[in-house]
1. Please find, among 104, 130, the residue that is closer than 13 Å to residue 27 by Cα, free of Cβ contacts under 8 Å to residues at least 24 places away in the same chain and of a type in the set (Val, Ile, Thr).
2. Do we have residue 29 as surrounded by fewer than 18 Cβ atoms within 10 Å (Cβ to Cβ) and modelled with pLDDT of 95 or more here?
3. Return the residues of the range 26-37 that are within 19 Å of residue 124 (Cβ to Cβ) and either assigned to a helix (DSSP H, G or I) or touching a Gly at 6+ places or on another chain (Cβ under 8 Å) (or both); say none if nothing qualifies.
4. Do the conditions hold for residue 80, that is, is it more than 20 Å from residue 61 (Cβ to Cβ) and not hydrophobic (A, V, I, L, M, F, W, C)?
5. Looking at (1) in a strand (DSSP E or B); (2) surrounded by 15 or more Cβ atoms within 10 Å (Cβ to Cβ), which one does residue 66 not meet, given that it meets all the others?
6. Go through (1) open to solvent by 50 Å² or more (accessible area, probe 1.4 Å); (2) within 21 Å of residue 22 (Cβ to Cβ); (3) in contact with a strand residue (DSSP E or B) (Cβ under 7 Å, 6 or more places away or on another chain) and name the single condition residue 115 misses.
Amino acid sequence: SAFSVDVVDRAGYTSHKWELGVAGGDYGGATLISMYLSRSFNEQLAMEFTASQFLGNASNGYTLDLGLTHVFRPDWRLSPFVTLGTGVIKVQPKGTLVQPDDRTNQTAYAGVGLRYYWTRRFFIRGEYRTHYVFTSRNENQEIDEWKLGLAFFF
């Protein structure tokens, strides 16, 4: 019997069901590490779950996001996309004399990005998101997120 290896090509890139990736970047001036899992409904629309941790000078924290991602041209090697969703942020301020309270707030986000098919099952993904944090104070907060990462599809 012949030995066969499942070699995935760009056709799999346009029509896969699942994606998993990691990325690093900047979250409002803090260092960000992020991981996501995505489930495609079709070639252009997917639901995405993202978990991130940020480490900053004044505070550390975590975010959990759930949203939709629309890829405009999945057949292109370099594919632009937009994303829109909601989530939650938990901020742990760094206090020296008095320990401030942790803050947990709901968020909404909108973003744009590029996916670049690299080889076999792997692609590079760059993304920018603007997060709106709905606080209990009189004004909401806006946080910019930039990240670059590596992902694979299956």
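The values are calculated or read from the model by the stated rules, or taken from the named source; none is laboratory data. Please read all numbers here as calculations on a predicted model, not as lab measurements. A quick note on method: Cβ atoms are made from the backbone with ideal geometry, for glycine too, and the neighbour counts reach across all protein chains shown. SASA here: full protein model, heavy atoms, side chains in, ligands and nucleic acids out. Shrake-Rupley method; radii C 1.70, N 1.55, O 1.52, S 1.80 Å.
1. Values: 104 fails: closer than 13 Å to residue 27 by Cα.
Only one candidate qualifies: 130.
2. Numbers: surrounded by fewer than 18 Cβ atoms within 10 Å (Cβ to Cβ): yes; modelled with pLDDT of 95 or more: yes.
When the stated conditions are applied, residue 29 passes them.
3. Initial filter on the range 26-37 (within 19 Å of residue 124 (Cβ to Cβ)): 26, 32-37.
Of everything in the range 26-37, those that are within 19 Å of residue 124 (Cβ to Cβ) and either assigned to a helix (DSSP H, G or I) or touching a Gly at 6+ places or on another chain (Cβ under 8 Å) (or both) turn out to be 32, 33, 34, 35, 36.
4. Numbers: more than 20 Å from residue 61 (Cβ to Cβ): yes; not hydrophobic (A, V, I, L, M, F, W, C): yes.
Against the criterion (more than 20 Å from residue 61 (Cβ to Cβ) and not hydrophobic (A, V, I, L, M, F, W, C)), residue 80 qualifies.
5. So the condition that residue 66 fails would be (2).
6. Only one criterion is unmet by residue 115, namely (1).
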